[in-house]
Amino acid sequence: MSEEPVSAKPVMGAAANTGAVPALACRGVVKRFGALAAVDGVDLVVPKGQTLGIGGPNGAGKTTFFDLISGLTPVSEGQIDFMGEPIVGQAPHRLCQRGLARTFQLNSGFDNLTVYENVLAAQAFGRRSAGGWVLTRKADRDAARAVLADIGLEEIAEDRVAGIPVLARKKLMVATALVNEPDILLLDEPVGGLTPPEIEEFIALMLDLKTRGMTLVFIEHVMHFLMAVADRAVIMHQGAIIYDGAPEGLRRDRLVAEVYLGTGALEAAP
Ligand SMILES: Nc1ncnc2c1ncn2[C@@H]1O[C@H](COP(=O)(O)OP(=O)(O)O)[C@@H](O)[C@H]1O
Ligand SMILES: [Mg+2]
């Protein structure tokens, strides 16, 4: 019993060779909460291997946009393709099994499990789960250990998550996503609440993921992080994209400055 089209795997394989099929393609995506269009007609194509940073003020619709892509919130209008296949209407765990992973703005995780157990739990919902069974095969345990070592959490692998620092929690969210070997990783404010040295550590982690060819889409207010990591920047405002281009161009963009600093800010500036 499978809802997955028989063609899904060959399509992905072919795309990996040619690079023709984007990792993500959104067309006319709208989300309404009553009268409010939290996401208001977003068109966005993310090629494989790209690192895209999404900025914008609070309430711009960034998290809601991620919720639509990852299947947590139903789409009001529009289409979303992941690796060339339509995904609107699919459940989040199904998308995770297909290789779409995300992290959350607020730290998620099972507080009463250890760091290692959290990574095992994540495997139960991902590609290794083979239909939802909680597996404890040696290969899976090894994969969990390898991810923790990779991300620098091996020393606290047996600690209960309730007691670990914020940076470790943020890294753990990435580890639980990576253990399922995603094709795309969505990160919602990965460095929110971190200190400047911790942000530098996270930048190094992201750059490492980039060199492995991972497609990354992240939401982040911290401009230094966005400039250091992203190949491309998108700014959202009132549910729409108001800037899409090089991160370096953000500083010169009039509309972006007005959204962040207020109308007339540029005229007022010396
Ligand atoms: N479940 C919901 N019900 C009603 N309004 C919501 C809901 N989720 C988000 N919103 C509203 O949608 C807008 C966008 O929110 P959000 O996507 O969280 O913004 P951002 O992540 O850019 O700060 C906000 O005005 C927010 O209050
Ligand atoms: Mg948000």
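Worth pointing out:
- Degrees separating the helix 138-151 axis from the principal Cα axis of the chain, which is the longest one: 40
- With contacts taken as Cα pairs under 8 Å at a separation of at least 6 residues, the chain carries a relative contact order of 24 percent.
- The count of lysine pairs in the chain whose Cα atoms are under 25 Å apart, excluding pairs fewer than 8 places apart on the same chain, comes to 13.
- Computed packing ranks the peptides 34-43, 114-123 as 114-123, 34-43, most packed first, by mean other Cβ atoms within 10 Å.
- Candidates Thr195, Thr215, Thr103: whichever shows maximal mean-square fluctuation once the chain is modelled as a Gaussian network with Cα springs under 10 Å: Thr195
- When you restrict to C-alpha pairs under 8 Å that are six or more residues apart and normalise by the size of region 119-219, the relative contact order lands at 28 percent.
- Most mobile of Pro165, Pro47, Pro190 in a GNM of the chain (Cα contacts under 10 Å): Pro165
- Centroid-to-centroid, using Cα positions, region 41-69 and region 216-265 are 11 Å apart.
- Heavy atoms of Glu77: accessible area, 1.4 Å probe, square angstrom to 10: 90
- Ellipticity estimate at 222 nm from DSSP helix runs (n ≥ 4, -39,500 (n - 2.57)) divided over the chain, nearest 500: -10500 deg cm²/dmol
- ³J(HN,Hα), Karplus 6.51/-1.76/1.60, whole Hz, each residue of region 165-171, x for Gly, Pro: x, 4, 4, 5, 5, 4, 5
- Comparing Asp67, Asp188, Asp150 in a Gaussian network model of the chain where C-alpha atoms under 10 Å apart are linked, the largest mean-square fluctuation is found at Asp150.
The values are calculated or read from the model by the stated rules, or taken from the named source; none is laboratory data. Only a predicted model underlies this, so the values are computations on that prediction, with no experimental measurement involved. We place every Cβ from the backbone using ideal geometry, glycine too, and count neighbours over all the protein chains shown. Note: accessible area is taken over every heavy atom of the protein model, side chains too, but ligands, DNA and RNA are not part of it. Shrake-Rupley method; radii C 1.70, N 1.55, O 1.52, S 1.80 Å.
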